[in-house]
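For reference, the structure is listed below as structure tokens.
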Amino acid sequence: MKRKKRERNNILLHGSNDICVRKEIAAVESNAVFQVPTSGGDLDRGLWSTSRSKLYYGCSNASNKFQSKVVPILNFHFFAMLSIFSAADMKTYPNRYLLISTSGGLNQQRTGIVDSVVAAYILNATLVVPRLDQRSYWKDASGFAEIFNIDRFISSLSRDVKIIKELPLKGGQPWIPRRMAVPRKCNERCYQTRVLPVLTKKQAIELRKFDYRLSNRLETDLQKLRCRVNYHALTFTDPILDMGKLLVERMRMKAKHFIALHLRFEPDMLAFTGCYYGGGDKERRELGKIRRRWKALHASNPEKMRRQGRCPLTPEEIGLMLRALGFGSDVHIYVASGEVYGGEETLAPLKALFPNFHSKETIATEAELAPFSSFSSRMAALDYIVCDKSDVFVSNNNGNMVRMIAGRRRYFGHKPTIRPNAKKLYKLFMARNNMTWEEFATKVQAFQVGFMGAPKEVKPGRGEFHENPTSCICETIGTETIQKETQEEDHENDNNGRDTAEVNDEQDPIEEDLDWIEDDYSDNIKDLPDTDSNVLTKQEQPEVEELFSD
């Protein structure tokens, strides 16, 4: 039976690739064409804030025992020398220098920088300011001091680790450190047994390809050191901060609230993942050609990848998810993205759903961006700032930038961070033309519980630490009324916990899936004459930079 005719503004979707906006008077039947409203609708929770976020805060101060802790002295000849140092210097042994070479793009490098400080603390070594990757896929020649505030980095960590800008001379000559590599997920004991003996003997070592070389599971004080580095010591240079602040201010001038979307839908990204989006032979040919540059990639199974939630959502799918969650067409969106595969044709559905569509290139002049535009890491830093300061951050992938920003937003008040429950949403997107909008929106909202950035939606120890820094998040004592009101919400999050954990485990390309790699950046470690063979496990493969970096 037909429902009463009514006039409404709809975005009418005839199929996955055909979208138009029109004002229509329609006889809406129970099996009507999938019609997307321009308005967002209402949700039980606020759109622009995370439930109970005020009950949690970042806490990363060191305990008293942490300040004086040292690793066991393997060479007792150092003991007499240590007696001449003050208590503040007792953690750093003389003639013990650690150098780090990072990997990948900006956010992959950031993980290496953060973890290098912890590694230096474990080894009681002086840390030389990390050397940034300048020859991988991203090809950015920027040094540490051109992206990060080097003086703040050194001074703010002076109570934890001694950091210097350059390795000193040895006997008046340049000191060539011993080059090594460590396995992924190397814990405190791993560094003490594999790296410390070599460091004690050689006095200066360089750890290569240093990304995700530190275990997710460390004692609390070491985790808090990670947070002090990541959220307080490691800041961008003033020019980057000032430009990022200007971009945020201009977005605020357009609307009181805005969404930042990390739209990772570039051709190389799609080729790398091996996903398929219905573009026929042309898409397979174009992406296949790009994919061949990574010789070590396994053959892809696009259908399986989509079913498992490992493929980035399309711009249209992201737009539909946001509309179903309650964001109307009047919402302003800042899009952090490179060249989108398919160009304007691919972006058209998203722009039809959200016409207030912005990027750093549209809200800043070419002259304003000129000091940054030739450097991929500096441009990524600008996007990082806007995404961090946005009211809602949305991702369509599980790469390094998403992880780093998600963790930062948790630490600074659990600002909403929407990660698509891609495994369940995939089936829903495929079947959407067989249901009404109301049915679709209801299911999206149900599937996204536990994926919205709320406190405790990811259980402690799950996922990668930089994304879920639970050791550095403290909880205030809520009132009895608040506790009663949130019991039902906690129960609902617990019911969705399995999905959240499952997706986190599956979408862990850096620590779990070693086949997400870029062969162009591989170095055969066993061919290096100065590498100690006992540092690597037999199972470890030559290290490579993975494209999911940023």
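The values are calculated or read from the model by the stated rules, or taken from the named source; none is laboratory data. Everything numeric in this text was worked out from a predicted model, so none of it was measured. Glycine also receives a Cβ, built like all others from the backbone with ideal geometry; neighbour counts cover every protein chain displayed. Ligands, DNA and RNA are excluded from the accessible area calculation, which covers all protein heavy atoms including side chains. Shrake-Rupley method; radii C 1.70, N 1.55, O 1.52, S 1.80 Å.
Scanning segment 386-405 for residues that are surrounded by 22 or more Cβ atoms within 10 Å (Cβ to Cβ), within 13 Å of the chain's Cα centre (by Cα) and at pLDDT 95 or above yields 387, 393, 394, 404, 405. Could you grab me the full set of residues in segment 442-468 that are outside any loop (DSSP other than H, G, I, E, B) and open to solvent by less than 10 Å² (accessible area, probe 1.4 Å)? Of everything in segment 442-468, just one residue is outside any loop (DSSP other than H, G, I, E, B) and open to solvent by less than 10 Å² (accessible area, probe 1.4 Å), namely 444.
Could you count how many residues in segment 210-234 are part of a loop (DSSP other than H, G, I, E, B) and either open to solvent by less than 10 Å² (accessible area, probe 1.4 Å) or in contact with a strand residue (DSSP E or B) (Cβ under 7 Å, 6 or more places away or on another chain) (or both)? So that I can check it myself, show each step before the final result.
Just the residues of segment 210-234 that are part of a loop (DSSP other than H, G, I, E, B), to begin with: 210-219, 234.
So of that shortlist, the ones also either open to solvent by less than 10 Å² (accessible area, probe 1.4 Å) or in contact with a strand residue (DSSP E or B) (Cβ under 7 Å, 6 or more places away or on another chain) (or both) come out as 210-214, 234.
Number of matching residues: 6.
Quick one: how many residues across segment 431-441 are farther than 15 Å from residue 327 by Cα and open to solvent by 70 Å² or more (accessible area, probe 1.4 Å)? Reasoning before the result, please.
Looking only at segment 431-441, we keep the residues that are farther than 15 Å from residue 327 by Cα, and these are 431-436, 439.
From what's left, open to solvent by 70 Å² or more (accessible area, probe 1.4 Å): 433-434, 439.
So the answer is 3.
In this structure, residue 113 does not qualify as open to solvent by less than 20 Å² (accessible area, probe 1.4 Å), at pLDDT 95 or above, part of a strand (DSSP E or B) and not acidic (Asp, Glu). Answer yes or no as to whether residue 261 is crowded, with 16+ Cβ neighbours inside 10 Å and within 25 Å of residue 35 (Cβ to Cβ). So residue 261 passes the test. Taking residue 290 as meeting all but one of (1) touching a residue at least 24 places away in the same chain (Cβ under 8 Å); (2) surrounded by fewer than 22 Cβ atoms within 10 Å (Cβ to Cβ); (3) over 25 Å from residue 453 (Cα atoms); (4) touching a helix residue (DSSP H, G or I) at 6+ places or on another chain (Cβ under 6 Å), write down the number of the exception. Unmet for residue 290, out of (1) touching a residue at least 24 places away in the same chain (Cβ under 8 Å); (2) surrounded by fewer than 22 Cβ atoms within 10 Å (Cβ to Cβ); (3) over 25 Å from residue 453 (Cα atoms); (4) touching a helix residue (DSSP H, G or I) at 6+ places or on another chain (Cβ under 6 Å): (1). A single member of 165, 170 is out of contact with any Ser or Thr (no Cβ under 9 Å at 6 or more places or on another chain), over 17 Å from residue 214 (Cα atoms), at pLDDT 95 or above and not acidic (Asp, Glu), and it is 165. Check every one of the helices (runs of 4 or more DSSP H) wholly within segment 311-381 and list those with 3 or more residues that are under 21 Å from the mean Cα position of the chain (by Cα) and among the basic types (Lys, Arg). The helices (runs of 4 or more DSSP H) meeting that bar number zero.
The single condition from (1) buried (at least 17 other Cβ atoms within 10 Å of the Cβ); (2) in the same structural domain as residue 461 (by the TED database); (3) among the basic types (Lys, Arg) that residue 179 fails is (2).
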